[in-house]
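Report on one structure; see the data block that follows.
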Amino acid sequence: MVEKMRAEYDFTDSRSNPYSKSLKRQITIRIEESAIDYFKQLADTTGIPYQTLINLYLTDCATNKKKPSLTWE
């Protein structure tokens, strides 16, 4: 038996998504080929997808407030 969709739903007793703070957002970013190749090679040896590895590394940098060391020639 197929139920029809209601005109309105009551969400007063609902709770918020407990995982909403850990949701990911898709973005477009330009990354050098050599960096992508590095993470793809690492993915081959670890079995973790390279995009996940990039995300883990960036999350670690943000958590530990790492700053890049830049040198200009």
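General remarks:
- Single unsatisfied condition, residue 8 versus (1) open to solvent by less than 90 Å² (accessible area, probe 1.4 Å); (2) in a loop (DSSP other than H, G, I, E, B): (1)
- Within segment 13-31, the residues that satisfy the criterion of being part of a loop (DSSP other than H, G, I, E, B) and under 17 Å from residue 52 (Cα atoms) are 23, 24, 25, 26, 27, 28, 29, 30, 31.
- Filter result for residue 41 (of a type outside the set (Val, Ile, Thr) and part of a loop (DSSP other than H, G, I, E, B)): no
The values are calculated or read from the model by the stated rules, or taken from the named source; none is laboratory data. Treat the numbers as computed from the prediction; the structure is a model and nothing was measured. When the accessible area is computed, the model is the full protein with side chains, heavy atoms only, and any ligands, DNA or RNA have been set aside. Shrake-Rupley method; radii C 1.70, N 1.55, O 1.52, S 1.80 Å.
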